[in-house]
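Notes to accompany the following structure.
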Amino acid sequence: MPQAGNQTSLYNRLVIAFVALGGTTYGYGASIIGSTIGQPGWYAFFDLPATGEPGYDTITTPAIATANGLFSAGGAVACLIFMWSGDYFGRLRNIQFACTLGILGGALQSGAQSLAMFQAGRWIMGMCVGLMATVTPMYLSEMSSPFARGWLVGHHAIFLVFGYMLSSWIGFAVFFSGNREFGWRFPLAFQVLPPIVLLVGSRWVPRSPRWLMSKGLTDEAWAVLQRLRKSPSDPEDLVAREEYYQIEKQLQLDAEKLCQYGGSPWKAVINKKSYRKRMAIGFLTQWGAEFGGPLIINNYAVILYTSLGQTDYMPLLLSAIWLTTAGMIYNPFGAWLHDKVNSRRTMYITGFVGIIITTSVMSAMIASYAGTSNRAGNAIGVLFMFLYLSFQGTFCNTTMYLYVSEIFPTEIRSIGMAFSLFGQFAATIILLQTAPIGFAAVGWKYFLLVICWSIFFIPCIYFFWPETARLSLEEIGKQFGDEVAVHINDATDAEKAVLDSRLIRPGVGEDTTPTTAAKER
């Protein structure tokens, strides 16, 4: 008899991999500014003083900070919109909306004739990324089985960092172009490729079975679940039947309990204690991950490497190599590790311990050797920037998206995911807007923000973050004190045998398809 939750068909894997292009759209769009500010042609076209020239601190630094601030603000606004649009239009439609915004935002930036036009493109691209960052991991989580959810939802982080890596290598390659305008326009134009591919292929992407069932589209939901869980070892589609039955019963139970709040998920989010806890934890998971410093280092890597004695093309090359290690090693390893360690909390805490150690050493090297010719001290600073990523990429980057995609019940999942990712973009607005100013004003001391936050955040995770590994999205409710309608993955063998018998051999005269049984009830 097949084990519940452990089946992932080839079709399921292909859908996950394709939709994870939303992560690439996010990663490339978020990080391309890092290579853009390393292109001399960008400064020349917009008449911005380059590093070391008079007016850099007063003209260029605010322009860079605004580009990052507008991007993050666009993402935050998109998250707030998704609180409503996620359930109203569904997951797939929101992916398509995000693709359209990404194409428009990329076109405006690459074709910019003024700094204002460039900044408008950053805002629109930020909205694209805000939607992608919210809907992609949520969709992947709803399509994944519990025993493989770490790896499958981890595709979002893997493809995200692939976007980072791609932007860095393209930025490095065009640095050597004789056409300085091409050097900054082409990498920005490349932003439109992933969303175009995803938009064109989205017509063949199935809608989330949980969303379909919440809207009463049970036949389509059952057809999708069958294809996702199909296996030669399960000719009676028992795993799909179990999952369908569990989703159906949990939706019924949650709908009954929602009546206490007038049928409004918004009222439940405010008034129900367990939902408030989930909202707070989701927000802080994303907020906390950003205050761990990944975008500070990534987006301002060129500035940091320059301060550590790297010149000419070396900052761009080191940035590309830095992200390649994440895309090829750390994020894939972290996603794989989740289904082996089976503890989101352990992964997250380990990541922040590593962040504290590596950021402390890196800051010490910048404090002692930045601007000097001490090659050993500068080399150690660069080394610990790489070691930082080994912890952040492996243990935090995959966990932050996986965890928030798991902890919310279907009725408030869009609201909860959007609020969580709003926390991420709120944090990036603060950090990316202030980082270049902070580096100019206090130098290495700016990283004390990352270190102090991480020290504070570790005990918060240990004492307040419930474990979610190896439970279905419906069963996770018990970790927050909510009632679970049907236990499957955490049920005893005897309890499962009784349930499976009912699902495979219903009473005389009953149809064996779950959709027919649902209609009869």
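The values are calculated or read from the model by the stated rules, or taken from the named source; none is laboratory data. This structure is a prediction, so every number in the text was calculated from the model and none was measured. Note that each Cβ is placed from the backbone with ideal geometry, even for glycine, and that neighbours are counted across all protein chains shown. In case anyone asks, the SASA skips ligands and DNA or RNA and just uses the protein heavy atoms, side chains included. Shrake-Rupley method; radii C 1.70, N 1.55, O 1.52, S 1.80 Å.
Among K272/K496; K267/K478; K249/K478; K215/K496; K249/K273, which pairs are too far apart, with a Cα-Cα distance over 25 Å?
K272/K496; K215/K496
May I ask you to derive the relative contact order of the range 1-138, considering only C-alpha pairs under 8 Å and at least 6 residues apart, and to give it as an integer percent?
Here the relative contact order equals 32 percent.
With the crude spin-label approximation of a point 7 Å out along Cα→Cβ, what separation in nm comes out for I357 versus A44?
4.6
Given Cα positions, please report Rg to Rh for the chain, the hydrodynamic radius being the Kirkwood one.
Dividing the radius of gyration by the Kirkwood radius yields 1.00.
Using a 1.4 angstrom probe on the protein heavy atoms only, line up H338, H155, H487 by accessible area, largest first.
H487, H155, H338
Roughly what would the spin-label model give for S114 and W336, points 7 Å off Cα along C-beta, in nm?
The two pseudo-label positions are separated by 5.2 nm.
Given R₀ = 60 Å, what would the calculated FRET efficiency be for S373 paired with S231, taking r from the Cβ atoms and rounding to 0.05?
The formula returns an efficiency of 0.45 here.
Quote to one decimal, in nm, the extra length available between W84 and I329 on full extension: 0.36 nm per residue of separation minus the C-alpha distance between them.
The span from W84 to I329 would gain 84.5 nm if fully extended.
Which value in nm describes the separation of the simple spin-label points at Q260 and I504, placed 7 Å from the Cα toward the beta carbon?
3.8
Within the range 117-151, whose backbone N sits under 20 Å from a point 7 Å along Cα→Cβ of K215?
131-144
Largest first, what is the accessible-area ranking of K249, K273 with a 1.4 Å probe?
K273, K249
So if each residue of separation counts as 0.36 nm, and I subtract the Cα-Cα distance between T492 and F176, what length gain in nm does that give?
Extending this stretch completely gives an extra 107.5 nm.
Using the Cα atoms as the points, what is the convex hull volume per residue of the range 352-496 in Å³?
119
Before anything else, pin down the relative contact order of the chain: Cα pairs under 8 Å, at least 6 apart, normalised by residue count, whole percent.
This gives 24 percent for the chain.
Sum -39500 (n - 2.57) across every DSSP H segment of at least 4 residues in the chain, then divide by the residue count to get the 222 nm mean residue ellipticity, nearest 500.
-23500 deg cm²/dmol
For a quick size check, give me the Cα extents of the range 204-287 along its three principal axes, largest first, whole Å.
Extents along the principal axes: 45, 32, 25 Å.
I'd like the distance between the alpha-carbon centres of the range 180-223 and the range 425-446, rounded to an integer number of Å.
After rounding, the separation between the Cα centres reads 33 Å.
Picking from G154, Y369, L10, whose Cα lies most toward the positive end of the charge dipole for the chain (charges on Cβ: Lys, Arg +1; Asp, Glu -1)?
Farthest along the dipole direction, towards plus: Y369.
How long is the gain from A223 to C460 if the chain were fully straight, where each residue apart is worth 0.36 nm and the alpha carbon distance is subtracted?
Gain in length upon complete extension: 81.2 nm.
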